[in-house]
Amino acid sequence: MIIKRNDLKRLVEDLIGQGKRVIAPIMRMGLVEYGEIGSFDDITWDYINPRNSFKEFLFPQTEAIARYRIGKKDVELEGVIPELRETIVLGSRPCDAASTASLRSVFTWGAEEDPSRFRDDFYLMREGVTTVMTIACLKGDEDCFCTTVGLTPESPEGSDILLKETVRGNFAVTPVTERGKAFVEEWRDYITDEREDLKEIEYPEVLEGIDTGKIGARLSDVDVFDDPVWQEVARKCIGCGACTFSCPTCHCFDIVDEATGYEGERRKNWDACQFEYFTLHASGHNPRDTQFKRWRNRFLCKFHIYPTKFTSTGCVGCGRCIRVCPVALDIREVMEWLSR
Amino acid sequence: MDREKKLREKARELLESKEVDLVIGYGWTRYGKRVAPVFITRPEDVDRLIWNPMCVNNLTLYITRKYPDVKAMGRPAVVVKGCDAKTVNVLIQEGQLKREDVVLLGIPCEGVVYRQELYDGEVTKENVSPKCVVCDVKNPPLYDHLIGEKVEEGSGFEGARNIYQEIEELDKKPEGERWAFWMEHFERCIRCYACRQICPLCYCERCIAEKNMPQWIDTSAHGRGNVAWNLKRAMDLAGRCVFCGECERACPVNIPLNLINQKLSMVVEESFNHRPGYESEGHPPLIVYSLEDREDFIR
């Protein structure tokens, strides 16, 4: 199936016309970002991977989860139901699409087997109204390493619909999920049954010397946990949250109350394991008291905790943590060390 | 490159003589073409040290109290450009560092790139760091060993964007427009605190952003919280910021932090005739009270 570029435009304009939220790569302040578009022409087509992942549209950086008012005698509490708008992410990359499974794993941890376990409805409600239309990458940049962590520039994982660019500049359409099939069915008029040759997809090089299976196994070893090399690799880390906040799979959050006078909101905000106070206990004890321990934790989360606890992947190889790091800390160097 | 060779020689000498335990400099990363801070402790590793226009980081960050792990490694030598050396002066003024605690390997610098990914073998008016366009410290004002010959002062990046001109143009706009300009930027802040973490002069043991009894600054990344955070940091740097430009470089969402920090520097210079970083004596004006301080703002 093919959707011509012009028909894709009609589709997008129709979706916007229906009041739906369309997220796509746009140019802002010299950066390509996923953002809400007001028209098809807002979309930037010349991009490798936007600077943010689209996780912020499923798991916002800050959101109210309850409201309260403190009275003379009591406290009034009010739950918050998120305002939901049907959302279409157009132009996601396969790595980002794959990461939604990673977010879901955490936000529904154990709930499938045991319905009494907690499910994060805020996340699930948003995911439930979101259709992910991925566009396969034609090439990566020098920081892309999806092929090293088991994905490819055309992986369908996590996408509802996978689009691949044709030599004529149109898109071949492959519905992946039930949601994707229903979407294609709904917009069938814009999609033809023609066939077109696809543009060639250039895979990022699989990095020799990196073996995620081996990394996982080595990370189970207590001696590796205590290896002084961690201190060396993370010595330059400045402890900011640029990597975690750009990462499509990082999911940690903090709950804060924000009040003005006697009224306030309980908010759920992104948090980062790289921050000094992330693990600070009320007693004053901090189990991750120096930066290398915090950096080690992030790495363990991706390559040990995730593979041990979930079937989803902790790192999708998008390369954002490498691109944004102010001190050029490259996660691949550590992956290589642990593959030895 | 000649300077690079001299840098390695000096580093080897310092490590072999045990004058220092550690040299903090620049080196290549394993993948890609990036330059990162490196910590050299053995004379045989000095060849990892490099010098080129991608050496943007202000490495004096690592000799502040934010890095107890680095401190535990012993006496450091640090590679400093002119702008980085200015930071050392402020750290000394503020009692954070004693001059004798560190060996400074001063490198005369003819300009670095704004962001490493923009570099294509040459520093041009398009990719140069904005601090270099108005630089008057190509030769470090403070050093123990100068690596190579001094260079001629003066910018040489004619036609590059000039931060002071940009500030002037912004100042001309009506208040509402200026507010809209900053709100558009601050709303995009993701509160990753890369600006604070990369800044050698943001060394508070506990940042106000982390004080929550009471919560002075909303941690939420919404307009109110972001404005509070960014303005608070700018105010804390007023009269101290040496324009190393690291906060803006580190910002993953491109907030033009140089504009706000340099605006405040201009205000401090005008009010107190003080430019931070040029000497290690005295104190930054906003941390001391002087009878000569202007009072004309009290009406």
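Of note:
- The condition of being within 9 Å of another protein chain (Cβ to nearest Cβ), within 24 Å of residue A:120 (Cα to Cα) and in contact (Cβ under 8 Å) with a residue 24 or more places away in the chain holds for only one of A:298, A:323, A:332, A:267, that being A:267.
- Pairs meeting the criteria (first residue in the stretch A:72-97 and under 28 Å from residue A:257 (Cα atoms), second residue open to solvent by less than 90 Å² (accessible area, probe 1.4 Å) and of a type in the set (Ser, Thr, Tyr), beta carbons under 8 Å, at least 6 apart or on different chains) are A:75/A:68; A:76/A:68; A:77/A:68; A:78/A:68.
- Residue match in the stretch A:118-132 (condition: in contact with a Gly (Cβ under 8 Å, 6 or more places away or on another chain), at pLDDT 95 or above and surrounded by 15 or more Cβ atoms within 10 Å (Cβ to Cβ)): yes
- Inclusion of residue A:272 among residues that are open to solvent by less than 20 Å² (accessible area, probe 1.4 Å), at pLDDT 95 or above and more than 16 Å from the chain's Cα centre (by Cα) is not warranted.
- Look at (1) over 28 Å from residue B:206 (Cβ atoms); (2) touching a helix residue (DSSP H, G or I) at 6+ places or on another chain (Cβ under 6 Å); (3) buried (at least 21 other Cβ atoms within 10 Å of the Cβ) and you find that residue A:250 fails only one, number (1).
- Inside the stretch B:50-72, residues that are part of a helix (DSSP H, G or I), open to solvent by 30 Å² or more (accessible area, probe 1.4 Å) and more than 8 Å from chain A (Cβ to nearest Cβ) make up a count of 1.
- Whether a residue is more than 16 Å from residue A:235 (Cβ to Cβ), modelled with pLDDT of 95 or more and of a type in the set (A, V, I, L, M) was assessed, and residue A:331 does not pass this test.
- Residue ID - nearest to residue A:250 (Cα to Cα), chosen from residues in the stretch A:24-54 that are among the aliphatic types (A, V, I, L, M) and more than 12 Å from every other protein chain (Cβ to nearest Cβ): A:24
- Taking strands (runs of 3 or more DSSP E) as the structural unit, those lying wholly within the stretch A:1-115 and holding at least 3 residues that are open to solvent by less than 30 Å² (accessible area, probe 1.4 Å) and within 24 Å of residue A:245 (Cα to Cα) correspond to A:21-28, A:31-36, A:62-70, A:87-92.
- Of all residues in the stretch B:31-49 being part of a loop (DSSP other than H, G, I, E, B) and under 25 Å from the mean Cα position of the chain (by Cα), the one that is farthest from the other protein chains (Cβ to nearest Cβ): B:49
- Considering B:292, B:281, the condition of being exposed (fewer than 10 other Cβ atoms within 10 Å of the Cβ) and touching a residue at least 60 places away in the same chain (Cβ under 8 Å) is satisfied by B:281 alone.
- Failed condition for residue B:249, given (1) out of contact with any Gly (no Cβ under 8 Å at 6 or more places or on another chain); (2) of a type in the set (D, E, K, R); (3) surrounded by fewer than 22 Cβ atoms within 10 Å (Cβ to Cβ): (3)
- The set of residues in the stretch A:173-184 that are in contact with an Asp or Glu (Cβ under 9 Å, 6 or more places away or on another chain), in contact (Cβ under 8 Å) with a residue 24 or more places away in the chain and open to solvent by 20 Å² or more (accessible area, probe 1.4 Å) contains only A:179.
Yes/no per residue for (1) more than 10 Å from chain A (Cβ to nearest Cβ); (2) exposed (fewer than 13 other Cβ atoms within 10 Å of the Cβ); (3) under 20 Å from residue B:248 (Cβ atoms):
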| site | (1), (2), (3) |
| --- | --- |
| B:164 | yes, no, yes |
| B:167 | yes, no, yes |
| B:171 | yes, yes, yes |
| B:177 | yes, yes, no |
| B:181 | yes, no, yes |
| B:193 | no, no, yes |
| B:199 | no, no, yes |
| B:215 | no, no, no |
| B:224 | no, no, no |
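Let's see how each residue does on (1) more than 30 Å from residue A:65 (Cβ to Cβ); (2) touching a helix residue (DSSP H, G or I) at 6+ places or on another chain (Cβ under 9 Å):
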residue: A:130; (1), (2): no, yes
residue: A:134; (1), (2): no, yes
residue: A:141; (1), (2): yes, yes
residue: A:154; (1), (2): yes, yes
residue: A:161; (1), (2): yes, yes
residue: A:184; (1), (2): yes, no
residue: A:192; (1), (2): yes, yes
residue: A:197; (1), (2): yes, no
residue: A:212; (1), (2): yes, yes
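- Residues located in the stretch B:15-30, provided they are under 14 Å from residue A:236 (Cα atoms), touching a Lys or Arg at 6+ places or on another chain (Cβ under 8 Å) and either more than 14 Å from every other protein chain (Cβ to nearest Cβ) or among the aromatic types (Phe, Trp, Tyr) (or both): B:28
- Of all residues in the stretch A:301-316 being modelled with pLDDT of 95 or more and either assigned to a loop (DSSP other than H, G, I, E, B) or within 13 Å of chain B (Cβ to nearest Cβ) (or both), the one that is surrounded by the fewest Cβ atoms within 10 Å (Cβ to Cβ): A:315
The values are calculated or read from the model by the stated rules, or taken from the named source; none is laboratory data. Computed from a predicted model, the values in this text were never measured in an experiment. Neighbour counts are summed over all protein chains in view; Cβ atoms, including those assigned to glycine, are modelled from backbone coordinates with ideal geometry. For accessibility, only protein heavy atoms count, side chains too; no ligands or nucleic acids. Shrake-Rupley method; radii C 1.70, N 1.55, O 1.52, S 1.80 Å.
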